[in-house]
Amino acid sequence: MKCLLTLLFSFFFLSCHSVKKMTVSNATTPVIEMSINLSSCKFKGRIIQIQNDMDADTSSNCYRFPCLASVAILEVQACGNSVSEKLQEGDIITLRFAFTTAPSLHAFPSMKKKYPGLKNGDVFWGIAEQRLTLGSTANFIVYDYLVL
């Protein structure tokens, strides 16, 4: 019994860690910290197609602005330990953008952080959090991005 408790404690201790902080920079943008948690991935992607499928919920911002886009994964820098279906370079997946693909000035005028919006062909760094649903594959929701 003591051995089992020690084993369980060791497992939980080793599997838990703090949020990773990473920086992104290129010649035209300042260094920006983007943090991932245990259920998210940091990746570089290219918008292939912004989908105009709007939510049925009329109170949702995704009813007024597009939130879904087909994205080609160009690079995966890190994924948290709890991500069960990790993003892979070369994948083409549908991502949901929590703050829409429209400029945040239009979709969320009072939001402090400003996003420029995304259009077809844009390359960006993003943080996508994995959401699991019963009987379905994993869905990823982008909560933070930086257009390059």
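Tabulated values for the structure
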item: Members of segment 58-82 found to be over 14 Å from the mean Cα position of the chain (by Cα) and of a type in the set (V, I, T), listed by number; result: T58
item: The listed residue being modelled with pLDDT of 90 or more, within 12 Å of the chain's Cα centre (by Cα) and more than 18 Å from V76 (Cβ to Cβ), out of A98, A102; result: A98
item: Matching residues in segment 64-85 - criterion: being within 13 Å of R96 (Cα to Cα) and either out of contact with any Lys or Arg (no Cβ under 8 Å at 6 or more places or on another chain) or not aliphatic (A, V, I, L, M) (or both); result: F65, P66, C67, A69, S70
item: Selection count, segment 83-92, where residues are within 11 Å of A138 (Cβ to Cβ) and over 12 Å from the mean Cα position of the chain (by Cα); result: 2
item: Count of residues meeting criterion [within 15 Å of I141 (Cβ to Cβ) and either surrounded by fewer than 18 Cβ atoms within 10 Å (Cβ to Cβ) or at pLDDT below 95 (or both)] in segment 108-124; result: 1
item: First in segment 50-64 and at positive phi, second anywhere and modelled with pLDDT under 85 and of a type in the set (S, T, Y), Cβ under 8 Å, 6 or more apart; result: none
item: Options K44, K119, K114: the member that is without any contact (Cβ under 8 Å) to a residue 12 or more places away in the chain and charged (D, E, K, R); result: K114
item: All strands (runs of 3 or more DSSP E) inside segment 81-148 with 1 or more residues being touching a helix residue (DSSP H, G or I) at 6+ places or on another chain (Cβ under 9 Å); result: 92-97
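The values are calculated or read from the model by the stated rules, or taken from the named source; none is laboratory data. Fair warning: this is a prediction, and the values are worked out from it, not measured in the lab. Neighbour counts are summed over all protein chains in view; Cβ atoms, including those assigned to glycine, are modelled from backbone coordinates with ideal geometry.
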